[in-house]
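Enquirer: Let me give you the structure first, and then I'll get to my questions.
The values are calculated or read from the model by the stated rules, or taken from the named source; none is laboratory data. Note that the structure is predicted; figures quoted are calculated from it, not measured. Quick reminder, even Gly has a Cβ in these numbers, built from the backbone with ideal geometry, and neighbours come from all protein chains shown. Only protein heavy atoms, including side chains, enter the accessible area calculation; ligands, DNA and RNA are left aside. Shrake-Rupley method; radii C 1.70, N 1.55, O 1.52, S 1.80 Å.
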Protein chains: 2
Amino acid sequence: MYRTNTCGELRLADANREVTLAGWVSKIRRMGGMTFIDLRDRYGITQLSFNQEVNHDLCEQANKLGREWVIQVTGRVMERSSKNSNIPTGDIEIIVSELNVLNSSKTPPFTIETETDGGDELRMKYRYLDLRRNVVRKNLELRHRMAFETRSYLNEKNFMEVETPVLIGSTPEGARDFVVPSRMNQGEFYALPQSPQLFKQLLMVSGFDRYFQIVKCFRDEDLRADRQPEFTQIDCEMSFVDQNDVLNLFEGLTKHLFKTIKGVDIPDFPRISYADAMKFYGSDKPDTRFEMRFTEIKELTAGVGFGIFDSSEYVGAICAEGCASYTRKQVDELTDFVKRPQIGALGLIYVRYNEDGSIKSSVDKFYNEEILKKWLVKCNAKPGDLLLVLAGETEKTQKQLNELRLEMGTRLGLRDKENYKCLWVVDFPLLEKDEELGRFFAKHHPFTSPKAEDIALLDSDAGAVRANAYDLVINGVEIGGGSIRIHDSSLQKKMFTVLGFTDEQAEAQFGFLMKAFQYGAPPHGGIAFGLDRFVSIFAGLDSIRDTIAFPKNTAGRDVMIDAPSTVTIEQLDELGIMLKPAESN
Amino acid sequence: MYRTNTCGELRLADANREVTLAGWVSKIRRMGGMTFIDLRDRYGITQLSFNQEVNHDLCEQANKLGREWVIQVTGRVMERSSKNSNIPTGDIEIIVSELNVLNSSKTPPFTIETETDGGDELRMKYRYLDLRRNVVRKNLELRHRMAFETRSYLNEKNFMEVETPVLIGSTPEGARDFVVPSRMNQGEFYALPQSPQLFKQLLMVSGFDRYFQIVKCFRDEDLRADRQPEFTQIDCEMSFVDQNDVLNLFEGLTKHLFKTIKGVDIPDFPRISYADAMKFYGSDKPDTRFEMRFTEIKELTAGVGFGIFDSSEYVGAICAEGCASYTRKQVDELTDFVKRPQIGALGLIYVRYNEDGSIKSSVDKFYNEEILKKWLVKCNAKPGDLLLVLAGETEKTQKQLNELRLEMGTRLGLRDKENYKCLWVVDFPLLEKDEELGRFFAKHHPFTSPKAEDIALLDSDAGAVRANAYDLVINGVEIGGGSIRIHDSSLQKKMFTVLGFTDEQAEAQFGFLMKAFQYGAPPHGGIAFGLDRFVSIFAGLDSIRDTIAFPKNTAGRDVMIDAPSTVTIEQLDELGIMLKPAESN
């Protein structure tokens, strides 16, 4: 036995107990004839005390220790003379009587502190040392607790966790698969799953009724900001449910997590249609920590000969509370912001509603005060507010206005990370038209059920058909999404027709699931949450990377273990594959 | 909402309640003017009742249903006139007033019953229907509960579940890796982990203190009986522990699982050394549900000129209680058994200790009754017992005697699947000599710690060095194994030397971990359990296959989804690989 206690648990009540602790040397301080060591483990920090006069040799031994050495000490718990109220063990220290070096340590390439001097690259290369930092490990502890509480909640609700295979078949649709050459079936490949979608629907056909799995999924995509080639889903499916059943159950799960882990009671989640989300926020994942909804003012801009507005399909405004006092410079910054290529607006129009009731606008050459007043009234603006207006093609302009809204929210400090606003976005369109190819694609996937009342539209106005599909959005981040699935094979056939599949193509791509569905598929639906992102929201992180113990960089490399790497010719031979000569690539 | 209740929960106390159920038509029986349907879901079976006289149309509708159709019914709970005590809902039935067909079903290719008429191949092809059978689904429910209870126990003990990467680097040692070509790093490959060994040790360096993970692992091996290319481990590691700490904690976990899931209290697990396991059972995973230990009788066989025994390094016996009455035919069967090529004994010698005290043996031409009596006494035989004796080279003969012992245990009904005997096998040899190559290999892995008291032997008699390595064995099946790791870098260097590595080779293969160990590695150790096998023991299954929702066959194929499969040339091009032409394979 290496220790009687951890470095986080001793208190004043333990005074005079003889204890043995083990951990890492975090700090050494020499003061007069005393040496103090902060001994650190996962559970906390305990101060060790050595007295030159009382035990000269032991104190000398302590003085020779280095940062991050691993030691074991035995000693007596004593009340400290100068207490440290910042740490739970701050009332006591250990008067050490025995010191045992368990391992030495080279000087780490960066400091193992909350604020480290290590750069990103160095920290990733020495990830095992980075993980020793409290702030980083805390994120992994949080992840553990979220996964654990998710399992507890779902187990309580009769969900069974079922492991689905990692070595599956490659599917032609969707994102790119990672593939695994099969040695025993040369010329053939497994694929790593992008999601267990197929298997969880099969489990419903099997009558498993309530399935979940916290599961690794894989996508061989170019890794733009904050994507990982392997990521973790909380994947769920239920039978004999409609959309309301699914939303209620997983709203319950989300509230449970907020309650047990953050100690926060979240009120019932608003449910907003996709159409309204686009209309009021220009986004299917609106950040509802602040209002600042869009107001369309097109009809109030007509008839004065202002060409830009007249020729625009859409004129929309947001009202920035208390911003009438913005300087010219500030307004110019906002104009530059919306004109950035990533956003792409041609310009920004403002209307200042000054505190004294006077109105000033960048378009007051065209619109008199009476008209501008109408805009302000429609936008519920008060004296002191600033109206920001964008115009153009509807969808594009809504997206630009969304970016502007978020920027204003940030500038006004309305996006507090500890303020959690959850909502369901529902009634997503079933289909998305690829204008170039002139055909429809499934917005979610081809098994998503259209709303019963919209089925008739499949023939006449397919683009208007709404789906029983839903997303959970927290603070403007999509945390999860799912749908009620089609379980009726004639409706499924209809879907394939709308999606432009021939019977043969449908059979080739989805025949397997279709076959299973002929043997008594129950009504079913589900949802999947991105665990990495869910944890990052709880941790207040901007990136998912620090929610993952050993993440990969944007080139898909693990720089710590230096993977991927080359393999031997013999290995490739056994697999029946070879590298393509460089020139033919 | 599709149902007010499941098919498993209604009782007599619910009588007269109006309920709505949904599920699968399991059986239809027509009796006189009545139609009875067994409606099935995951939770149970409820009888539905239709009366031709009371509601003719509805009853006709019911008569048209087929097996495995999915229906929804509304009706009143009534006490049954003829109760069925075999099912929990057997006291009631539903007098149906409304019937709604949710989905039809083709006739399944085999019956969805406990005893099915479907053959193995058919059941695997239609695994989603096989899983609908109660007996199969129960195994997956058991697996869920075991995984859940494992997590609860370990969470309670301060273990953190940390996900380690699935896309890692390929390691040259050990079993064959599955590899994954990297598109972004052409010519390079990820490997799928055979275990998270490296990462869990790094997490100890990171100070995570107690790690676990229920995790998929992968081995591209030829699949002999009861192996799967992907399998699941309960993988654990702890810091600041010695062997006793690890054994005690995971003995606690095992007891917890037996208690919570099987309702069985298991006494403290015996701990037996590897040497004793070989000596008394001829196996490092002895089945201790029955005694029948080996007795070595070599010294009692010498000096009478029986060449076979005289020239044998080892003569060992087992005493089969009450088997003196075995017929000639039965003894011949046992002789044939040990002479099978898989076992390879040259013959079997018996000594019958008849009830009347007389002794009869196949070698009584060589050994008089006095000597044979000595054998019997040494083996603790009683009148009525049968001694079975094998001779030859020690290790080989012990293995043969082990097979014979297990066979006798089976014949005597001593291997009851519901009788659980757990034990720890400890003190495994650190090294194993490959006689052909004339060098030592690590029996566990190169990071396993030798016993402190044996370290001196590393130079003089490396083969005799025992390791701090241990296996958990239940009913003769190895469920898990692990070791205390080396954390001292000079001892680690020594190990590499003993294993015949040059410094350069050690650096190339293990440099990465060695580097991490220079930054304050704590003493640590761990264990990994095979979840599939653990579940199969609890389920009383002989194979792990039915503990897995979607297993692969011995050719590594998933016959249900028909994977692996070919991929397109474009996919291979993107990955920078090509298939080797057939002739060059």
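Enquirer: Suppose we look only past 18 Å in the calculated P(r) of the stretch A:422-525. What percent of the Cα-Cα pairs does that tail hold? Could you put the intermediate results ahead of the total?
Expert: On the way: 2682 of 5356 pairs.
In whole percent, the share of Cα-Cα pairs in the stretch A:422-525 beyond 18 Å is 50.
Enquirer: Please enumerate, by chain and number, the aspartates and glutamates with C-alpha under 17 Å from the C-alpha of B:Lys378, excluding those fewer than 8 residues away in the same chain.
Expert: The reachable aspartates and glutamates, counting only those whose Cα sits under 17 Å from B:Lys378, are B:Glu291, B:Glu296, B:Glu299, B:Glu321, B:Glu369, B:Glu370.
Enquirer: Within a Cβ distance under 10 Å of B:Phe148, other residues only, what is the Lys/Arg minus Asp/Glu net charge? Walk me through the numbers before you get to the answer.
Expert: Numbers: positive: A:Arg151, B:Arg143, B:Arg145, B:Arg151; negative: A:Glu161, B:Glu149.
Summing Lys/Arg as +1 and Asp/Glu as -1 gives +2.
Enquirer: Working only with C-alpha atoms, what are the Rg and Dmax values of the protein assembly as shown, expressed in angstrom?
Expert: Cα radius of gyration and Dmax of the protein assembly as shown are 35.6, 129 Å respectively.
Enquirer: If you don't mind, another one. Among residues other than B:Ala467 whose Cβ falls under 9 Å from its Cβ, what is the net charge (Lys/Arg +1, Asp/Glu -1)? Kindly include the intermediate steps, with their values, before the conclusion.
Expert: Numbers: positive: B:Lys443, B:Lys451, B:Arg466; negative: B:Asp427, B:Asp454.
It works out to a net charge of +1.
Enquirer: So what's the stretch A:12-103 giving for Cα Rg divided by 2.2 N^0.38 Å, two decimals?
Expert: With N residues counted in the stretch A:12-103, Rg over 2.2 N^0.38 Å equals 0.97.
Enquirer: As a test of the definition: with a 1.4 Å probe, what buried accessible area, both sides summed, do you compute for A against B, in Å² to the nearest 100? If you can, show how the numbers build up before the last one.
Expert: Numbers: alone 30170 and 30160 Å², together 49090 Å².
Interface between A and B: roughly 11200 Å².
Enquirer: Which residues' amide hydrogens lie under 5 Å from the amide hydrogen of A:Leu167, considering only partners 5 or more residues apart or on another chain, with H built in the peptide plane?
Expert: none
Enquirer: Helix-only mean residue ellipticity at 222 nm, the protein assembly as shown, DSSP H runs n ≥ 4 weighted -39,500 (n - 2.57), per residue, nearest 500. What is it? All intermediate terms of the calculation are to be shown ahead of the outcome.
Expert: Numbers: 33 runs with 328 residues, N = 1170.
Value at 222 nm, helices only: -8000 deg cm²/dmol.
Enquirer: Output the relative contact order of chain B, whole-number percent, from Cα pairs under 8 angstrom with separation of 6+ residues.
Expert: On the way: 1071 pairs, mean separation 73.9, N = 585.
Reported as a whole number, the value is 13 percent.
Enquirer: About its Cα centre, how strong a charge dipole does the stretch B:12-103 have in debye, to the nearest 20, once Lys and Arg get +1 and Asp and Glu get -1 at the Cβ?
Expert: Numbers: 11 positive and 12 negative charges, 65 e Å.
The calculation lands at about 320 debye.
Enquirer: Continuing with this model, one more query. Exactly which trypsin sites (Lys or Arg not before Pro) in the stretch B:190-270 are in a DSSP loop and have at most 10 other Cβ atoms within 10 Å? Provide the component values of the computation, followed by the final result.
Expert: Details: sites: B:Lys200, B:Arg210, B:Lys216, B:Arg219, B:Arg224, B:Arg227, B:Lys255, B:Lys259, B:Lys262; in loops: B:Arg219, B:Arg224, B:Arg227.
Loop-located and lightly packed - B:Arg224.
Enquirer: Out of residues 5 or more away from A:Thr4 or on other chains, whose amide H comes under 5 Å of its own, with H placed 1.01 Å from N in the peptide plane?
Expert: A:Thr20, A:Leu21
Enquirer: Turning to a different aspect of this structure: Each residue of the stretch B:354-363 in turn: what ³J(HN,Hα) in whole Hz from Karplus with 6.51, -1.76, 1.60 and θ = phi - 60°, glycine and Pro shown as x?
Expert: 5, 4, 7, x, 6, 10, 9, 9, 6, 10
Enquirer: Output wanted: per-residue J couplings in Hz (rounded whole) for the stretch B:238-251, from phi through Karplus 6.51 cos²θ - 1.76 cosθ + 1.60, θ = phi - 60°, x for Gly and Pro.
Expert: 9, 9, 6, 9, 10, 4, 4, 4, 5, 4, 4, 5, 7, 5
Enquirer: Under the Kirkwood approximation for Rh and a Cα-based Rg, what ratio Rg/Rh is obtained for chain A?
Expert: Numbers: Rg = 30.3 Å, Rh = 28.8 Å.
Taking Rh as the inverse mean 1/r over Cα pairs, Rg/Rh reads 1.05.
Enquirer: Averaged across orientations, what area in nm² does the convex hull of the alpha carbons in the stretch B:77-206 project? Before the final figure, lay out the partial values.
Expert: Working: hull surface 66.8 nm².
The orientation-averaged projected area of the Cα hull of the stretch B:77-206 comes to 16.7 nm².
Enquirer: Please report, for the Cα atoms of the stretch B:103-180, the Rg to one decimal and the Dmax as a whole number; what are they, in angstrom?
Expert: When restricted to the Cα atoms of the stretch B:103-180, Rg and Dmax are 19.7, 54 Å.
Enquirer: Every other copy gets compared here: list the nm distances from the B:Asp117 label point (7 Å along Cα to Cβ) to its counterparts, shortest first, one decimal.
Expert: Copy-to-copy label distances for B:Asp117: 8.0 nm.
Enquirer: Accessible surface of A:Asp336 in the full protein assembly, 1.4 angstrom probe, to the nearest 10 Å²?
Expert: About 100 Å², rounded to the nearest 10.
Enquirer: Next question, about the same structure. Have a look at the stretch A:480-585 and give its Rg and Dmax from the Cα atoms, expressed in angstrom.
Expert: My reading of the Cα-based Rg and Dmax gives 22.2, 53 Å.
Enquirer: Output the relative contact order of the stretch B:290-411, whole-number percent, from Cα pairs under 8 angstrom with separation of 6+ residues.
Expert: Values: 200 pairs, mean separation 44.4, N = 122.
Dividing the mean separation by the residue count of the stretch B:290-411 yields 36 percent.
Enquirer: Something else now. Below 8 Å between Cα atoms, with a sequence gap of 6+, how large is the relative contact order for the stretch B:422-525 in percent?
Expert: Numbers: 155 pairs, mean separation 28.5, N = 104.
It comes to 27 percent, rounded to a whole number.
Enquirer: Quick query: amide H of A:Arg80 versus all other amide H atoms, modeled in the peptide plane; which residues come in under 5 Å with a sequence gap of 5 or more or a different chain?
Expert: A:Ile92, A:Glu93
Enquirer: In whole Å and largest first, what semi-axes does the C-alpha gyration tensor of the stretch B:290-411 yield when each eigenvalue is scaled by 5 and square-rooted?
Expert: Numbers: eigenvalues 73, 66, 33 Å².
Each semi-axis is √(5λ); the values are 19, 18, 13 Å.
Enquirer: Any of A:Lys157/B:Lys255; B:Lys360/B:Lys396; A:Lys329/A:Lys399; A:Lys279/A:Lys515; A:Lys433/A:Lys493 with alpha carbons more than 31 Å apart? Name them for me. Kindly include the intermediate steps, with their values, before the conclusion.
Expert: Values: A:Lys157/B:Lys255 26 Å; B:Lys360/B:Lys396 27 Å; A:Lys329/A:Lys399 24 Å; A:Lys279/A:Lys515 41 Å; A:Lys433/A:Lys493 19 Å.
Pairs exceeding 31 Å: A:Lys279/A:Lys515.
Enquirer: Taking θ as phi - 60°, what are the ³J(HN,Hα) couplings along the stretch B:295-300 by the Karplus curve (6.51, -1.76, 1.60), each to the nearest whole Hz, with x for Gly and Pro?
Expert: So the J values, rounded to whole Hz, are 10, 7, 10, 3, 5, 8.
Enquirer: Another question about this same structure. Which GluC sites (Glu not before Pro) in the stretch B:28-103 sit in a loop by DSSP (not H, G, I, E or B) and have at most 13 other Cβ atoms within 10 Å of their own Cβ?
Expert: Loop-located and lightly packed - B:Glu53.
Enquirer: Of A:Ile484, B:Gln228, B:Leu122, which is farthest along the charge dipole of the protein assembly as shown in the positive direction, counting Lys and Arg as +1 and Asp and Glu as -1 at C-beta?
Expert: The listed residue farthest towards the positive side: A:Ile484.
Enquirer: Per residue, how much accessible area does chain A show when a 1.4 Å probe rolls over the protein heavy atoms, in square angstrom?
Expert: On the way: 24550 Å² over 585 residues.
Value for chain A: 42 Å² per residue.
Enquirer: Separate question: Below 13 angstrom from the Cβ of B:Val136, what's the summed charge of the other residues (Lys, Arg +1; Asp, Glu -1)?
Expert: +3
Enquirer: If you don't mind, another one. Where the centroid of each part is defined by its Cα atoms, how far is the stretch B:505-560 from the stretch A:25-104 in Å?
Expert: If you average the Cα positions of each part, the centres end up 40 Å apart.
Enquirer: Across every pair of different alpha-carbon atoms, what Kirkwood hydrodynamic radius in Å does the stretch A:38-91 reach? Write down the numbers at each step before the final one.
Expert: Details: mean 1/r = 0.0793 Å⁻¹.
It works out to 12.6 Å.
Enquirer: Can you list the copy-to-copy distances for A:Asp268, using a point 7 angstrom from Cα toward Cβ, in nanometres, shortest first?
Expert: Result, one decimal in nm: 5.8.
Enquirer: Would you work out the charge dipole size for the protein assembly as shown about its Cα centre, treating the Cβ of every Lys and Arg as +1 and the Cβ of every Asp and Glu as -1, and quote it to the nearest 20 debye? Kindly include the intermediate steps, with their values, before the conclusion.
Expert: Numbers: 148 positive and 176 negative charges, 338 e Å.
Charge dipole, the protein assembly as shown, about its Cα centre: 1620 debye, nearest 20.
Enquirer: For A:Thr568, A:Thr254, A:Thr497, write out the residues from largest to smallest accessible area, computed with a 1.4 angstrom probe and no ligands counted.
Expert: On the way: A:Thr568 65, A:Thr254 0, A:Thr497 95 Å².
From most exposed to least exposed: A:Thr497, A:Thr568, A:Thr254.
Enquirer: With +1 on the Cβ of every Lys and Arg and -1 on the Cβ of every Asp and Glu, and nothing else charged, how large is the dipole of the stretch B:290-411 about its Cα centre, in debye rounded to the nearest 20? Spell out each step's value before the answer.
Expert: Working: 17 positive and 19 negative charges, 30 e Å.
For this selection, approximately 140 debye.
Enquirer: While we're on this one: Choose one of A:Gly463, A:Val535, A:Leu430: the residue whose Cα lies farthest towards the positive end of the charge dipole of the stretch A:420-535 (beta-carbon charges +1 Lys, Arg; -1 Asp, Glu; about the Cα centre).
Expert: A:Val535
Enquirer: With point charges of +1 on the Cβ of Lys and Arg and -1 on the Cβ of Asp and Glu, referenced to the Cα centre of the stretch A:290-411, which listed residue (A:Leu390, A:Gly322, A:Asn368) lies farthest in the positive direction of the dipole?
Expert: Sorting the options by dipole projection puts first A:Gly322.
Enquirer: Another question, then. Against the longest alpha carbon principal axis of chain A, how many degrees, from 0 to 90 and to the nearest 10, is the axis of helix A:503-517 turned?
Expert: Orientation of helix A:503-517: about 60 degrees from the principal axis.
Enquirer: Ignoring ligands, DNA and RNA, how do B:Met578, B:Met1, B:Met160 rank by accessible area with a 1.4 Å probe, largest first? Numbers along the way, then the final one.
Expert: Details: B:Met578 70, B:Met1 145, B:Met160 0 Å².
Putting B:Met578, B:Met1, B:Met160 in descending order of accessible area: B:Met1, B:Met578, B:Met160.
Enquirer: Measuring label to label, 7 Å along Cα→Cβ, what does A:Ile87 give against each other copy in nm, shortest first?
Expert: Here A:Ile87 shows inter-copy label distances of 6.3 nm.
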